[in-house]
1. Anything in region 250-276 that is part of a helix (DSSP H, G or I) and touching a Pro at 6+ places or on another chain (Cβ under 6 Å)? List them, or say none.
2. So, of the residues in region 118-142 that are within 11 Å of the ligand (Cβ to nearest atom) and over 19 Å from residue 93 (Cβ atoms), which turns out to be surrounded by the most Cβ atoms within 10 Å (Cβ to Cβ)?
3. State which residue pairs qualify: first residue farther than 24 Å from residue 108 by Cα and inside region 51-76, second residue modelled with pLDDT of 95 or more and crowded, with 18+ Cβ neighbours inside 10 Å in any location, beta carbons under 7 Å apart, and separation of 6 or more residues or different chains.
4. I need a count of the residues in region 228-255 that are modelled with pLDDT of 90 or more and either among the small types (Gly, Ala, Ser) or in contact with a Lys or Arg (Cβ under 7 Å, 6 or more places away or on another chain) (or both).
5. Kindly provide the set of residues from region 1-47 that are of a type outside the set (A, V, I, L, M, F, W, C), under 19 Å from residue 277 (Cα atoms) and either assigned to a helix (DSSP H, G or I) or in contact with a helix residue (DSSP H, G or I) (Cβ under 7 Å, 6 or more places away or on another chain) (or both), ordered by number.
6. Look at region 241-259 and say how many of its residues are out of contact with any Leu (no Cβ under 7 Å at 6 or more places or on another chain) and within 24 Å of residue 143 (Cβ to Cβ).
7. Does region 1-23 hold any residues that are of a type in the set (A, V, I, L, M) and without any contact (Cβ under 8 Å) to a residue 12 or more places away in the chain, and which are they?
8. In a helix (DSSP H, G or I), within 15 Å of the ligand (Cβ to nearest atom), of a type in the set (A, V, I, L, M) and surrounded by 15 or more Cβ atoms within 10 Å (Cβ to Cβ): does that describe residue 63?
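The values are calculated or read from the model by the stated rules, or taken from the named source; none is laboratory data. Since this is a predicted model, take the numbers as computed values, not measurements. Reconstructed Cβ throughout: ideal geometry from the backbone, glycine too, with neighbour counts over all protein chains shown.
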Amino acid sequence: MKIKDIYIQKKAVLSFEIFPPKPDYPVDSVFHTLEGLKDLGPDFISVTYGAGGSNRARTIEIASRVKHDYQMESQAHLTCIGHSPAELEKIIDEIKEHDIENILALRGDPPRDQPNYRPQEGYYLDSIDLVRHIRRKGGFCIGAAAYPEGHSQSARWDQDWLRLRDKVMEGVDFLLTQMFFDNRVFYNFAENMFRLGVKVPISPGIMPILNINQIKRMINLSGASIPSKLLLMFDKYGDNSSDFEKAGIEYAINQIDDLLENGVAGIHLCTMNKVEQTRMIVQNSKLRSRP
Ligand code: FAD
């Protein structure tokens, strides 16, 4: 099923993001995760794509098994950085052969050790090129990434959002956002996108904060700003990992409940492949009784 049709049918779409285990780690570990996540009734599972395609075969294998073995709708992430258009064509064919109907079309991040990275001649510059490629190919529902606080490489939020509007106009069916920790950031973003004429569903991305090192790394990568109540939480529980995790779960629950009360199209939960913490969040938030 195409994810855009799920958004039409459901009032609050719940999606879980999972990542494939590293290449030297048994792939089976993710299937235990999926069994636990299935009980929580997600509307679709989104499988990330390793930087530069390092774990590509696993993304497709897992997305395929989510759909065929676990009977949940699945989406394969795909990044265009580091792939020629011909390679992308082959990957998209492979995704099609596995009967996966949904692709999250992304640019990906340049290699960290190459700050002046430029794509090779003829390679795609950004996700808009990939969206066009998949749209030309036909038969897919296309999702894309959105940044409520602007992409970290963008000098101004409004420029980033104009760029996002252009991306949607090329044929994006729905958006999943980068993590944020202050819901006002999301409401401001959603209102601005609406004013710009973007009417596709936007699911806010929620990243539960489970330990202080993880969140420092994530914030560093995403550029998400930290509201003062989160800083207080870091101060209060930073030395006690179990209390910190509890507080992080509660923070995510409060964020989700507020977003649902304000009528968001869905919640995109980054599970980090952690079943128990995901269960706590779903069962103790308004996600439990979503229509
Ligand atoms: P784009 O849409 O191409 O660009 C993002 C922003 O950069 C634009 O909005 C604009 O501000 C600026 N920009 C880009 N090109 C131009 C231009 N030509 N001119 C002016 N401005 C420009 N990464 C992975 O490697 N694997 C994953 O599975 C993955 N999943 C993700 C899932 C979600 C929900 C999100 C939010 C991100 C994910 N990422 C993933 C990270 C993503 O690849 C990076 O954030 C990357 O830096 C940007 O990708 P994009 O598709 O948003 O880029």
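1. 252, 259
2. 127
3. That search, which allows pairs on different chains as well, returns 67/73; 67/74; 67/100; 70/34; 72/42; 72/44; 72/45; 72/66.
4. Adding up the residues that qualify gives 6.
5. Answer for region 1-47, where residues must be of a type outside the set (A, V, I, L, M, F, W, C), under 19 Å from residue 277 (Cα atoms) and either assigned to a helix (DSSP H, G or I) or in contact with a helix residue (DSSP H, G or I) (Cβ under 7 Å, 6 or more places away or on another chain) (or both): 20, 21, 29, 32, 33, 35, 36, 38, 43.
6. Counting residues in region 241-259 that are out of contact with any Leu (no Cβ under 7 Å at 6 or more places or on another chain) and within 24 Å of residue 143 (Cβ to Cβ) gives 4.
7. Residue satisfying the conditions is 8 alone.
8. yes
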